[in-house]
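This report concerns only the one structure given below.
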Amino acid sequence: MPDILVISPIHRDGLARLEAEPGFTLIPPSEVTPASLPGLLARAEGIIVRGTRVDHALLDQAPRLRFVCRHGVGYDSVDVPALTERGITLAITPEANAASVAEHALMLMLALSRQVVHFNAGVRRGDWVVPSSSPTQDLAGRAVLLLGFGRIGTRVARLCAAFGMRVLVHDPFIPANTIRGLGYEPAPDLPAALAQAEIVSLHCPSNATTRGMVDVAFLAAMRPGALLVNTARGTLVDEAALEAALRSGHLAGAGLDVIAEEPMTTAIPLLSLDTVIVTPHVAASTAQGLRRMALASAENTIQFFTGTLAPDCIVNPEVAGAA
């Protein structure tokens, strides 16, 4: 009978699913305190985590641990090699938040293009002005470049197409004919695509190849007046370079759901710019998205211990196997 520790609060339906599964003992987040956590980790064979850092220090307290499920898709806070060394499987919830994040990306495109924050602030000051000329833009007819064409990127592409946008896709892991067959434009030449796109939206993981990819050269290659949207990972972007590109007027705006260092404890310089919208990594956290991620975390955990976990949920398959 595996003991499953849920370290941080998740949707109640995910907890209920674990409680209802015969042969499983749920240790709910209501029992977790700084004082109790070491003892609970010592019992746990499986854990579900949100933002908790899973590293050697935590693993040293969890000698029985066999399975970790990340409530979401990113695992920047998890030391995957440390898990692998100890034969511990790491899983994610790959489909659960994709629709929510895709909608958030489109919302940022709309908010920036139509200057919603600016107009809302004006009305609250008493300014009810319908301008005779406007800096706002329609999405229809504009070119958007998606960097990454996975579960989220493909959904963003569909939403953008529904708004009448021209959709370019840069993803070296997806065949050009696949992109073309879905009705979008492959963009293998990144600098050329950046020069065309009026909006660039990031949908790739943060790894050794992509970390810091949005640097001075990347931003300089972007079309003057373009917008940058990032709902992926903050570490993809050199924030100082982005600030400089915005202050110079080379870029017209940026919509960010993620920043380089989270949680933010000190205001980053980008917040001083009216052309920037920042949300606190909440793209996935709609009511529906949180429920889906909690249920998927519970199902992943149950399936691991019953030997039925789907391979596409597993991050380190070299140690994965039937429980």
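We did not get these values from a lab; they are worked out from the coordinates using the rules stated. Keep in mind it's a predicted model, so treat the numbers as computed, not measured. Here the Cβ is made from the backbone with ideal geometry for all residues, glycine too, and neighbour counts use every protein chain on show.
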Failed item, numbered, when T33 is tested on (1) touching a strand residue (DSSP E or B) at 6+ places or on another chain (Cβ under 8 Å); (2) not in a helix (DSSP H, G or I): (1)
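For segment 68-173, which fully contained strands (runs of 3 or more DSSP E) count at least 1 residues that are over 26 Å from A284 (Cβ atoms)? Before you say what the answer is, go through the steps one by one.
Numbers: elements: 89-91, 143-147, 166-170.
Result: 143-147, 166-170.
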Only unsatisfied item for T235, checking (1) without any contact (Cβ under 8 Å) to a residue 40 or more places away in the chain; (2) on the phi < 0 side of the Ramachandran plot, is (1)
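Filter segment 278-298 down to the residues that are among the hydroxyl-bearing types (S, T, Y) and out of contact with any His (no Cβ under 8 Å at 6 or more places or on another chain), then identify the one that is surrounded by the most Cβ atoms within 10 Å (Cβ to Cβ). Full working, then the answer.
Within segment 278-298, the first condition is being among the hydroxyl-bearing types (S, T, Y), and the residues that meet it are 279, 285-286, 297.
Next, only the ones that are out of contact with any His (no Cβ under 8 Å at 6 or more places or on another chain) stay: 285-286.
Numbers: S285: 18, T286: 16.
Result: S285.
Taking the conditions exactly as written (under 30 Å from G72 (Cα atoms), over 22 Å from the mean Cα position of the chain (by Cα) and exposed (fewer than 15 other Cβ atoms within 10 Å of the Cβ)), does P175 satisfy them or not?
So P175 fits the description; yes.
With without any contact (Cβ under 8 Å) to a residue 40 or more places away in the chain, in contact with a Pro (Cβ under 7 Å, 6 or more places away or on another chain), among the charged types (D, E, K, R) and under 29 Å from A220 (Cβ atoms) as the only criterion, which of R166, R114, R180 stands out?
Details: R166 fails: in contact with a Pro (Cβ under 7 Å, 6 or more places away or on another chain); R114 fails: in contact with a Pro (Cβ under 7 Å, 6 or more places away or on another chain).
Among R166, R114, R180, only R180 is without any contact (Cβ under 8 Å) to a residue 40 or more places away in the chain, in contact with a Pro (Cβ under 7 Å, 6 or more places away or on another chain), among the charged types (D, E, K, R) and under 29 Å from A220 (Cβ atoms).
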Give segment 211-248 a look and list any residue that's under 16 Å from A283 (Cβ atoms) and of a type in the set (A, V, I, L, M, F, W, C), or say none. L228, V229, A232, L236, V237
